[in-house]
C-alpha cells in the first residue's frame with residue numbers, strides 16, 4: 001500500500017469488483033485465489049444515436065441473451081452523420097456487436113473498430129462487402145413469404161414502399177422483390193421511393209412518400225397490395241391510405257417486411273414477416289461463442305428463420 005500510495009479501502013473495493021467479475025475467489029482463512037477462467041466477458045453493442053423501435057428490440061434481445069450466457073453488455077450510441085464515434089473500448093471488452101447502419105454511414109467508425117483486436121459481429125443485417133461475422137434474417141425468405149402470401153390471395157399488381165435510407169440491405173431488399181416479381185411472371189410492379197435520409201424518421205417518410213404518389217395518381221394506386229420495406233413504414237402508409245379514402249384491406253392490402261409489436265394492435269392489424277424477438281440475441285450469442293472458441297475461423301454467418309404472421313390488413317383484391 002505504501003509503495004503505490006493506495007488505501008486499504010481502495011484495495012478492498014478492487015478485490016470485491018474482481019470477485020464480482022469472477023476473476024478471483026476469496027476464501028476466509030485461506031487467502032485470495034485467481035480463478036482459472038477469464039471471468040465475465042464484456043460485449044459492446046454499438047447502435048445509432050437516433051431512436052428506433054426495431055433497434056430497441058434487438059438491444060433488449062441481446063441484453064437478455066448476453067445475461068443468460070453469464071456475460072455483460074455495454075451499450076454505446078454512435079453518430080451516423082460523420083461525427084467522431086466513441087471507439088474507446090471498455091477495459092475488458094471481448095467483442096463488438098455493431099448495427100451495420102453505423103458501418104455503412106460512418107467510414108471512420110469502421111476504420112477505427114477494425115483496428116482493434118476484438119471480434120466484430122454485424123447485428124441485424126449481413127455484413128455486405130465487409131468480412132465480418134454476422135447475424136441477420138434471411139431477406140430472400142422474408143420477401144418470398146410475403147409475395148407468395150399475396151399471390152395466394154389473388155394479387156398480381158404489387159408495390160414496394162421504399163421507406164428506409166438506401167443502405168446496402170435495403171437496396172438488396174428491393175432487388176429481391178423485383179426478382180420475385182419477375183420469377184412469378186407478374187406485371188411490372190410499382191416502386192415508391194420515399195427519399196429517406198440517414199437519421200430521418202422512416203415512419204414519417206413512408207407517409208410522405210406514399211401520400212405524394214397517391215396525390216400524383218389522383219388517389220388511384222396502380223397496385224392492389226403494398227409491401228412496406230420495413231415495419232416502421234406501416235403506420236405512415238395506413239395514414240396516407242386513409243387520407244386518400246383507400247380502405248385497407250378492402251381496396252388495397254398492406255404487408256410489412258419485418259416485425260413491430262404495435263403493428264399487431266392497430267386497426268387493421270398488419271400482416272408481417274420476421275424473426276421472433278428473442279432469436280436475435282440468442283443468435284448473436286451463438287455466433288460469438290463460436291468465435292471465442294475459434295478466433296482464427298473464417299467469417300461466421302447466421303441467417304435466422306422467419307415466420308409469416310397473417311392478420312387483418314391482407315385480403316383478396318377488389319373485383
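Which percentage, to the nearest 5, of the DSSP beta bridges contained in the chain is antiparallel?
15 percent
Label reach from residue 201 (point 7 Å along Cα→C-beta): in the stretch 253-278, no amide nitrogen lies under 11 Å. Across 195, 242, 46, mean-square fluctuation computed from a Gaussian network of the chain (C-alpha pairs under 10 Å connected) peaks at 242.
When 305, 101 are sorted by how many other C-beta atoms sit within 10 angstrom of their C-beta, beginning with the fewest, the order is 305, 101.
Projected label points at residue 312 and residue 141, each 7 Å from Cα along the beta carbon direction, are separated by 3.0 nanometres. Relative contact order of the chain: 17 percent, from C-alpha pairs under 8 Å at least 6 residues apart in sequence.
The P(r) of the stretch 139-275 has a tail past 25 Å containing 16 percent of all C-alpha pairs. Taking the number of Cβ atoms within 10 Å of each Cβ as an exposure proxy, the fewest-first ranking of 267, 234, 181 is 267, 181, 234.
Structure remark: mean-square fluctuation, Gaussian network model of the chain, C-alpha springs under 10 Å; the largest value among 118, 201, 152 belongs to 152. Scoring 167-180, 277-290 by mean Cβ neighbours within 10 Å over their residues and listing the highest first yields 277-290, 167-180.
A crude spin-label estimate for the pair residue 185 and residue 298, with each label 7 Å from Cα along the Cβ direction, gives 3.8 nm. With R₀ set to 41 Å, the beta-carbon distance separating residue 250 from residue 116 gives a calculated FRET efficiency near 0.15.
For the pair residue 171 and residue 60, label points projected 7 Å from Cα toward Cβ lie 3.3 nm apart.
Over all Cα atoms in the stretch 126-199, the spread is summed up by Rg and Dmax: 13.7, 41 Å.
Listed values [x] 18.9, 62; [y] 23.8, 89; [z] 20.9, 83 include one computed from this model; for Rg and Dmax of the Cα atoms in Å that value carries the label [y]. Highest GNM mean-square fluctuation among 43, 75, 192, for the chain modelled with Cα contacts below 10 Å: 75.
Cα centroid separation, the stretch 156-225 to the stretch 108-122: 33 Å.
Read-outs: derived from the displayed coordinates by stated rules, not from any lab. Keep in mind that this is a model prediction, so the values were computed, not measured. Here the Cβ is made from the backbone with ideal geometry for all residues, glycine too, and neighbour counts use every protein chain on show.
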